[in-house]
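Report on the following structure.
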Amino acid sequence: MDVMDQMTSCSIRVIDLDDGSVRTISWDPNVPDQVFESLVESQLRAQFGVSDEAWVDLIDTANSSLVHITKDVLSNVKDSLCLCLSPKTEALAPMKTSEVFEVVFQDKSLGMTIREHNESVIVNHFKRKPDGSLSEAEISGLIQPNDVIYKVNGARTVGRSYDNVVQMLQTQTRPLSIQFFRPFRREGLFAVEFRGASLNMTITTDDVNVIVKDLPMAHPNIVGYAEAHGMAR
């Protein structure tokens, strides 16, 4: 029976370095090559709860190299691979669906001010009612300053201008559903795609690994691209 199972399916084990969980990704060896990558990616997104805002890659930690998601390559993998996520956009966006939370507003006033930050719109601070009572945003107990506004009534704010997001929030529609997420420094393995000419980081080596030594500011009081996307010294 075991032999038959091996003949009818193939699989790899994938580790999520965010929490150490392991998932098994399986496929039929007869699946066409042209749909193999999308099949594996859809399984990775579903099993690890990866959002549409992130690219999905697999890393072989034995040699710190990217693993090509092809049937020939994955069929010969013997050890567990690691999930590696990288943002599709320069704007702050959730990498996993579990990072997103929703607050439904009934009052006309949201009770919070907002500001622009790293091409995203974030919560600035709470604004109490004229009588001094708590606003709906603060009463929710979920929202904190610097949380990123991700969706308004199901429409993404990522990539939209600040003025456009303000217009979305000024709608008179109630109830108003707003989805937020809270950026955090990811531990373990992650990727940053650099699009500018300068990486804004200084590297060194310990004879085995290349290490980020410093993240100098691009300009006074302005963080560089690497630091803005969560890289640490």
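Of note:
- Checked against the criterion of being in a helix (DSSP H, G or I) and either hydroxyl-bearing (Ser, Thr, Tyr) or surrounded by fewer than 18 Cβ atoms within 10 Å (Cβ to Cβ) (or both), the candidates 172, 144, 167 yield just one match: 167.
- The set of residues in the range 22-36 being in a loop (DSSP other than H, G, I, E, B) and touching a residue at least 24 places away in the same chain (Cβ under 8 Å) consists of 29, 31.
- Test result for residue 56, modelled with pLDDT of 90 or more, more than 19 Å from the chain's Cα centre (by Cα) and of a type outside the set (Ser, Thr, Tyr): no
- Going through (1) in the same structural domain as residue 16 (by the TED database); (2) of a type outside the set (Lys, Arg); (3) surrounded by 14 or more Cβ atoms within 10 Å (Cβ to Cβ) one by one, residue 79 falls short only on (3).
- For first residues located in the range 76-91 and within 18 Å of residue 47 (Cα to Cα), partners that are of a type in the set (Lys, Arg) and part of a strand (DSSP E or B) and lie 6+ apart or on another chain with Cβ distances below 7 Å form the pairs 80/13.
- Any hit, the range 142-150, residues being within 15 Å of residue 91 (Cα to Cα), polar (S, T, N, Q) and in contact with a His (Cβ under 9 Å, 6 or more places away or on another chain): yes
- Residues being hydroxyl-bearing (Ser, Thr, Tyr) and in the same structural domain as residue 170 (by the TED database) are entirely absent from the range 67-75.
- Criterion (under 30 Å from residue 167 (Cα atoms), of a type outside the set (S, T, N, Q) and out of contact with any strand residue (DSSP E or B) (no Cβ under 6 Å at 6 or more places or on another chain)) met by exactly one of 90, 99, 37: 90
- Hey, residue 92 in a loop (DSSP other than H, G, I, E, B) and within 24 Å of residue 50 (Cα to Cα) or not: yes
- Screening residue 102 with (1) outside any loop (DSSP other than H, G, I, E, B); (2) farther than 25 Å from residue 143 by Cα; (3) not β-branched (Val, Ile, Thr) gives one miss only, at (2).
- Subset of the range 19-53 (residues that are modelled with pLDDT of 95 or more, of a type in the set (Asp, Glu) and within 24 Å of the chain's Cα centre (by Cα)): 37, 41
Residues are listed down the side, and each one gets a yes or a no for (1) in contact with a Lys or Arg (Cβ under 6 Å, 6 or more places away or on another chain); (2) modelled with pLDDT under 85:
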{"position": "135", "(1), (2)": "yes, no"}
{"position": "143", "(1), (2)": "no, no"}
{"position": "158", "(1), (2)": "no, no"}
{"position": "164", "(1), (2)": "no, no"}
{"position": "171", "(1), (2)": "no, no"}
{"position": "216", "(1), (2)": "no, yes"}
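- Whichever residue in the range 117-127 is modelled with pLDDT of 95 or more and either in a loop (DSSP other than H, G, I, E, B) or farther than 18 Å from residue 184 by Cα (or both) and, among such residues, is farthest from the chain's Cα centre (by Cα): 127
The values are calculated or read from the model by the stated rules, or taken from the named source; none is laboratory data. As the structure is a prediction and not an experimental result, all values here were calculated from the model. A quick note on method: Cβ atoms are made from the backbone with ideal geometry, for glycine too, and the neighbour counts reach across all protein chains shown.
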